[in-house]
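Reading through the structure tokens given below for one structure.
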Amino acid sequence: MFEHLKVLPQDPILQLMQSFRDDPRPDKVDLGVGVYRDATGNTPIMGAVHKAARRLLEHEKTKSYVGPAGSPGFNSAVTELLLGGDNPLSRDNRVSTIQTPGGCGALRMAAEFIKLCKPDAAVWVSTPTWANHMPLLGGAGLRIQSYPYLNSETLEVDFDDMMAALEMARKGDVVLLHGCCHNPSGADLTASQWAGITDLILRKELLPFVDMAYQGLGDGLEEDAQGLRHLAQAAPEMLVAASCSKNFGLYRERTGALMLISGNAKSQKAANSQLLSIIRAHYSMPPAHGAGLVETILQDDELRREWQAELSGMRDRIQQLRHAFSRELASSGDFDFIARQKGMFSFIGISEKQVNYLRAHHGIYLLESSRINIAGLSDKTLPRVAAAIREAVASA
Ligand code: LMR
């Protein structure tokens with residue numbers, strides 16, 4: 001039965017991660033996979049996470065099942081992070097949040113839920129978008145449509161083209177938006193663009209779906225949620241996939257959440273029950289450990305303060321690197337957009353050949369699209385990386 005199967009190429013991000021690991025050069029630089037790195041190149045366990053882990057170990061009394069929705073404490077803490085405390089949607093019982101195995105679990109369960117509600121709905125995704133959006137959403141059998149997002153010359157948001165394309169969406173289609181820190185471009189929507197897209201979604205009766213994978217790494221926890229909150233207040237129904245991989249540094253713990261907003265409490269109850277049934281049929285229940293850590297941190301004032309301070313430190317470091325890198329590249333062209341953009345990623349706008357040159361000659365790893373993980377730079381490597389880019393542009 002398996003004999004006719006062909007070997008598939010690996011996902012490009014995971015493939016790059018492996019190639020970097022296999023490279024013996026001691027001065028190699030990983031600007032590929034989206035993980036935060038400190039000045040020494042390590043992806044640290046946050047101090048608040050360490051403390052929460054110790055507490056969990058001491059106080060945990062059972063490993064019995066929790067249930068398909070995961071931990072209620074985690075779910076309400078994440079709802080508050082996304083929507084703010086004391087929000088009208090929670091008060092009106094129009095919102096429920098379900099713990100999922102990472103943001104990927106949330107995206108896929110949302111796709112299965114959309115398929116159940118409206119099998120012929122198209123999901124509109126930005127061009128470019130995170131490579132794994134296609135298999136996660138398309139794998140559930142949904143039709144994918146794309147809307148232009150980035151101007152390839154300026155590497156800034158092409159809002160007029162985006163809006164024009166979304167005018168073609170049909171009632172009931174789904175619009176996937178990146179909540180902040182757009183992956184792969186780092187180019188985010190402004191407040192007035194969020195308002196414009198909200199109006200279009202309401203007028204055309206589309207379903208907004210926000211992927212919030214980097215809350216806190218752009219402008220701040222509250223600031224990064226403003227677009228999502230504006231949309232959530234206005235739209236009758238909405239889906240949000242959230243990840244704790246980056247802002248809690250919990251990557252391998254697979255900790256995420258799917259938030260569902262319905263028009264009223266009655267339909268919320270029905271929708272939530274359908275979603276739980278989908279989850280039961282896919283993986284039954286989410287893993288507990290990462291969510292336990294997040295819940296412990298968010299429910300304890302001191303740990304929460306410590307986590308927020310550490311997150312601010314990560315964000316500030318990324319911002320400083322963005323400014324330093326755009327200054328360092330200034331002699332080769334206009335790279336000011338790198339300083340303006342948000343989160344871990346930006347394109348540097350070089351060709352695939354030049355990307356391969358960087359890898360072959362300097363052990364510098366970035367995606368073929370020229371997406372770099374800014375957090376993979378450091379004060380030590382930054383001048384070398386900038387010099388190598390200049391060399392690659394001149395010679396490849
Ligand atoms: C990335 O975009 O590099 C990260 O989100 C990691 C991943 O799973 O692709």
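Key figures for this structure:
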read-out	value
Cα shape, the stretch 222-288, gyration tensor, a/c 1.5 rule	oblate
Antiparallel DSSP beta bridges within the chain, as percent of all bridges there, nearest 5	45
Among Val174, Val66, Val240, residue whose mean-square fluctuation peaks in a GNM of the chain (springs only between Cα atoms under 10 Å)	Val66
Protection-proxy order for peptides 175-181, 10-16, 221-227, each taking the mean of Cβ atoms within 10 Å per residue, highest first	175-181, 221-227, 10-16
For the stretch 56-67, Karplus couplings with θ = phi - 60° (6.51, -1.76, 1.60), whole Hz, Gly/Pro x	4, 4, 6, 9, 5, 10, 8, 10, 5, 4, 9, x
Helix 191-203 axis, angle to the chain major axis (alpha carbon atoms, nearest 10°)	50
Amide H partners (placed H, <5 Å) of Trp124, local residues excluded	Gln145, Val174, Val175, Leu176
Over the chain: helical MRE at 222 nm, DSSP H runs n ≥ 4 each giving -39500 (n - 2.57), nearest 500	-14000 deg cm²/dmol
³J(HN,Hα) computed for each position of the stretch 235-244 - Karplus, 6.51 cos²θ - 1.76 cosθ + 1.60, integer Hz, glycine/proline x	7, x, 9, 6, 10, 9, 9, 10, 10, 9
Within a Gaussian network of the chain (alpha carbon springs, distance under 10 Å), most fluctuating of Glu237, Glu167, Glu368	Glu167
Overall form of the stretch 221-364 per C-alpha gyration tensor (a/c, 1.5; a/b vs b/c)	prolate
Gain in span if fully extended, Lys380 to Ser152, counting 0.36 nm per residue against the direct Cα distance	79.1 nm
Cubic angstrom per residue, convex hull over Cα atoms of the stretch 321-396	76
Hz values of 3J(HN,Hα) by residue in the stretch 261-268 - Karplus curve (6.51, -1.76, 1.60), Gly and Pro given as x	10, 10, x, 8, 4, 5, 5, 4
The stretch 226-266 and the stretch 363-396: distance between their alpha carbon centers, rounded to Å	33
Degrees separating the helix 352-362 axis from the principal Cα axis of the chain, which is the longest one	70
Qualifying GluC sites (Glu not before Pro) in the stretch 47-99, DSSP loop, other Cβ atoms within 10 Å at most 13	Glu60
Interchain or long-range residues, amide H under 5 Å from Val210's placed H	Leu177, Leu239, Val240, Ala241
Full-stretch length increase - Ala53, Ala195 - with 0.36 nm per residue and alpha-carbon distance subtracted	47.1 nm
Gaussian network model of the chain, Cα within-10 Å springs - most flexible of Pro101, Pro236, Pro184	Pro236
The chain - convex hull of alpha carbons, volume per residue in Å³	161
Antiparallel DSSP beta bridges within the stretch 65-299, as percent of all bridges there, nearest 5	45
Extended-chain gain in nm, criterion 0.36 nm per residue less alpha-carbon gap, His230 and Ala164	21.6 nm
Nonlocal amide H pairs with Gly256, under 5 Å, H built at 1.01 Å	Thr100, Gly102, Cys244
Ranked packing of 270-277, 245-252, most packed first, by mean Cβ within 10 Å	245-252, 270-277
On Cα atoms only, tilt of 301-328 relative to the major axis of the chain in degrees	30
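Taken together, the values in this text are just the output of simple stated rules run on the coordinates, not laboratory data. No experiment lies behind these values; they were computed from the predicted model shown. Neighbour counts run over all protein chains shown; Cβ positions are idealised from the backbone, glycine included.
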